[in-house]
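J.: This is the structure I have questions about; it appears just below.
The values are calculated or read from the model by the stated rules, or taken from the named source; none is laboratory data. Computed from a predicted model, the values in this text were never measured in an experiment. When we count neighbours, we look across all protein chains shown, and the Cβ atoms used for this are built from the backbone with ideal geometry, even at glycine. The area values use the complete protein model at the heavy-atom level, side chains included, leaving out ligands, DNA and RNA. Shrake-Rupley method; radii C 1.70, N 1.55, O 1.52, S 1.80 Å.
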Amino acid sequence: MKKIVSVLALLLSLFGSAAVQAEVLKPYIMGNTPPGSVKQVAESVKNALKAQGFDLVGTYEPFAGAMVICATNPELKAAAAKVENGGFGVAQRVSVTEVNGKIQVAYANPAYIGTAYGLGKLEGVSAKLKAALGARESFGSVGLDEERLKPGVYRYAFMMPYFHDVDLLKEHPDYKTAVDTVEKNLAAGAGGTVKVYRVDLPGKEVSVFGVGIPKGAVDGPDKGDKDTDKEILGVVDHQELKHTAYLPYEVMVVGGKVIALRARYRIALHFPDTKMAGAHGFTKIMSAPWGILVALERVAGFQRNI
């Protein structure tokens, strides 16, 4: 009898451990909304983030009625510095979006992004964001098992890229030349882009730039190709709870190399339940990965003929 009880206890322990390991994660978290307009709420969000020790690094208004606030802190920087390509997750993205006359405050889920980029669950970041902004519910997907999210594991479908399948946008002789080139091109709005932020990883020749694409490099906003932030979100961000914190994109300088996550990976990661076809499917934004690539290449200093 004791042996049976021991075996049952062991099985329960194993199943319990499996349940803990198999946490389901969603890409966004909906916070609390203080009263006011988009700009007033954005100021409240900034103050709340600063009160929790976040450094504000940039803001971006991708279209009317939407604001993205980017911030970082020592935990994010330390985690980003430890793993290859970890810098893509160094900035936390918080959005303020007006939807049918009401304001939504949401943010990219640190546990989701941290797991996908190999940074860990970022529990401290999550706790500080919850204290600053609240955490009413997670959304953006039915949820993905954290084991399926990890680098080298997650991809949307067969033949789609993994996390480490980055785009080499341009290679320069050294880190300073690469950084100076990106800064100059962002200041000039190359590729129809705008600079949102820059974060340097301490002790490393690594700089991460947040890049908005309000105009695009292919045919501009509200034209045929879906290559701008507004056009892309206008198709895939159709649910009641908005994914505005998907923006901005990241361009990372590592030594003399300028790299970016492949758009097909990054879009799918942030909209994992999107169907391939249909009115809001990926086939409606088939031009987006190309348009994003061309814009970011111009930021990096590569001029592709199109």
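J.: Being assigned to a helix (DSSP H, G or I), in contact (Cβ under 8 Å) with a residue 24 or more places away in the chain and surrounded by fewer than 24 Cβ atoms within 10 Å (Cβ to Cβ) is the filter here; which residues of the range 114-125 pass it? Write out each step before concluding.
T.: Initially, the range 114-125 is screened for residues assigned to a helix (DSSP H, G or I), giving 114-117, 123-125.
This time we only want the ones that are in contact (Cβ under 8 Å) with a residue 24 or more places away in the chain, so: 114-117, 124-125.
Correct list: Gly124 only.
J.: Output the number of the condition that Pro272 fails; it satisfies all remaining conditions of (1) within 22 Å of Asn109 (Cβ to Cβ); (2) out of contact with any Leu (no Cβ under 9 Å at 6 or more places or on another chain); (3) in contact (Cβ under 8 Å) with a residue 24 or more places away in the chain.
T.: (2)
J.: Suppose the filter is more than 23 Å from Val24 (Cα to Cα), open to solvent by less than 10 Å² (accessible area, probe 1.4 Å) and not charged (D, E, K, R); does Asn73 pass it?
T.: Details: more than 23 Å from Val24 (Cα to Cα): yes; open to solvent by less than 10 Å² (accessible area, probe 1.4 Å): yes; not charged (D, E, K, R): yes.
Yes; evaluated as a whole, the condition is true for this residue.
J.: Please state which of the following conditions His164 fails to meet, knowing it meets all the rest: (1) part of a loop (DSSP other than H, G, I, E, B); (2) under 19 Å from Tyr246 (Cβ atoms).
T.: It fails just one condition, (2).
J.: Which residues, counting only those in the range 126-149, are assigned to a loop (DSSP other than H, G, I, E, B) and open to solvent by 80 Å² or more (accessible area, probe 1.4 Å)?
T.: Keep residues of the range 126-149 that are assigned to a loop (DSSP other than H, G, I, E, B), which gives 134-136, 140-143.
Scanning the range 126-149 gives Arg136, Val142.
J.: Give the number of residues within the range 249-286 that are open to solvent by 30 Å² or more (accessible area, probe 1.4 Å) and outside any strand (DSSP E or B). Let's see the steps before the verdict.
T.: Step one: filter the range 249-286 for residues open to solvent by 30 Å² or more (accessible area, probe 1.4 Å), giving 254, 257, 262, 264, 273, 275-280, 283-284, 286.
Checking which are outside any strand (DSSP E or B) leaves us with 262, 264, 273, 275-280, 283-284, 286.
Qualifying residue count, the range 249-286: 12.
J.: Which members of the range 184-202 meet the condition of being under 29 Å from Pro74 (Cβ atoms), open to solvent by less than 50 Å² (accessible area, probe 1.4 Å) and not hydrophobic (A, V, I, L, M, F, W, C)?
T.: Result: Thr193, Tyr197.
J.: Something else now. If I filter the range 22-29 for residues that are open to solvent by 30 Å² or more (accessible area, probe 1.4 Å), closer than 21 Å to Val196 by Cα and more than 17 Å from the chain's Cα centre (by Cα), do I get at least one hit? Give the derivation first.
T.: Step one: filter the range 22-29 for residues open to solvent by 30 Å² or more (accessible area, probe 1.4 Å), giving 22-24, 26.
Keeping just the survivors that are closer than 21 Å to Val196 by Cα gives none.
Scanning the range 22-29, I find no residue that is open to solvent by 30 Å² or more (accessible area, probe 1.4 Å), closer than 21 Å to Val196 by Cα and more than 17 Å from the chain's Cα centre (by Cα), so the answer is no.
J.: Could you tell me which numbered condition Lys226 fails, if it satisfies all but one of (1) modelled with pLDDT of 95 or more; (2) crowded, with 20+ Cβ neighbours inside 10 Å?
T.: All conditions pass for Lys226, except number (1).
J.: Taking the range 203-217 only, how many residues are surrounded by fewer than 20 Cβ atoms within 10 Å (Cβ to Cβ) and at pLDDT below 95?
T.: Let us first name the residues in the range 203-217 that are surrounded by fewer than 20 Cβ atoms within 10 Å (Cβ to Cβ), namely 203-205, 214-215.
If we keep only those that are at pLDDT below 95 too, we end up with 203.
Total satisfying the criteria: 1.
J.: Out of Ala48, Ala66, report the one residue that is touching a helix residue (DSSP H, G or I) at 6+ places or on another chain (Cβ under 6 Å), open to solvent by less than 10 Å² (accessible area, probe 1.4 Å) and in contact (Cβ under 8 Å) with a residue 60 or more places away in the chain. Full working, then the answer.
T.: Values: Ala48 fails: open to solvent by less than 10 Å² (accessible area, probe 1.4 Å).
It is Ala66.
J.: Could you grab me the full set of residues in the range 191-228 that are outside any strand (DSSP E or B), within 19 Å of Leu169 (Cα to Cα), within 20 Å of the chain's Cα centre (by Cα) and of a type in the set (A, V, I, L, M, F, W, C)?
T.: If the condition is that a residue be outside any strand (DSSP E or B), within 19 Å of Leu169 (Cα to Cα), within 20 Å of the chain's Cα centre (by Cα) and of a type in the set (A, V, I, L, M, F, W, C), then Ile213 is the only one that fits.
J.: Counting only residues that are within 17 Å of Leu129 (Cβ to Cβ) and surrounded by 15 or more Cβ atoms within 10 Å (Cβ to Cβ), how many does the range 30-42 have?
T.: Final tally of qualifying residues: 6.
J.: Quick check, is Pro289 open to solvent by less than 40 Å² (accessible area, probe 1.4 Å) and in a helix (DSSP H, G or I)?
T.: Values: open to solvent by less than 40 Å² (accessible area, probe 1.4 Å): yes; in a helix (DSSP H, G or I): yes.
Yes.
J.: Tell me, please, whether a residue that is open to solvent by 50 Å² or more (accessible area, probe 1.4 Å) and assigned to a helix (DSSP H, G or I) can be found in the range 297-306. Break it down into steps so the answer makes sense when it comes.
T.: If we filter the range 297-306 for residues that are open to solvent by 50 Å² or more (accessible area, probe 1.4 Å), which is where we start, we get 302-306.
With the extra rule that they be assigned to a helix (DSSP H, G or I), the set shrinks to none.
The answer is no, given that none of the residues of the range 297-306 is open to solvent by 50 Å² or more (accessible area, probe 1.4 Å) and assigned to a helix (DSSP H, G or I).
J.: Answer yes or no as to whether Val153 is surrounded by fewer than 16 Cβ atoms within 10 Å (Cβ to Cβ) and over 30 Å from Ser44 (Cα atoms). Talk me through it step by step, then tell me what you get.
T.: On the way: surrounded by fewer than 16 Cβ atoms within 10 Å (Cβ to Cβ): yes; over 30 Å from Ser44 (Cα atoms): yes.
Here the answer is yes, as Val153 does meet what is asked.
J.: Tally up the residues in the range 234-248 that are open to solvent by 10 Å² or more (accessible area, probe 1.4 Å) and either part of a strand (DSSP E or B) or touching a Lys or Arg at 6+ places or on another chain (Cβ under 9 Å) (or both), please.
T.: Of the residues in that region, 2 qualify.
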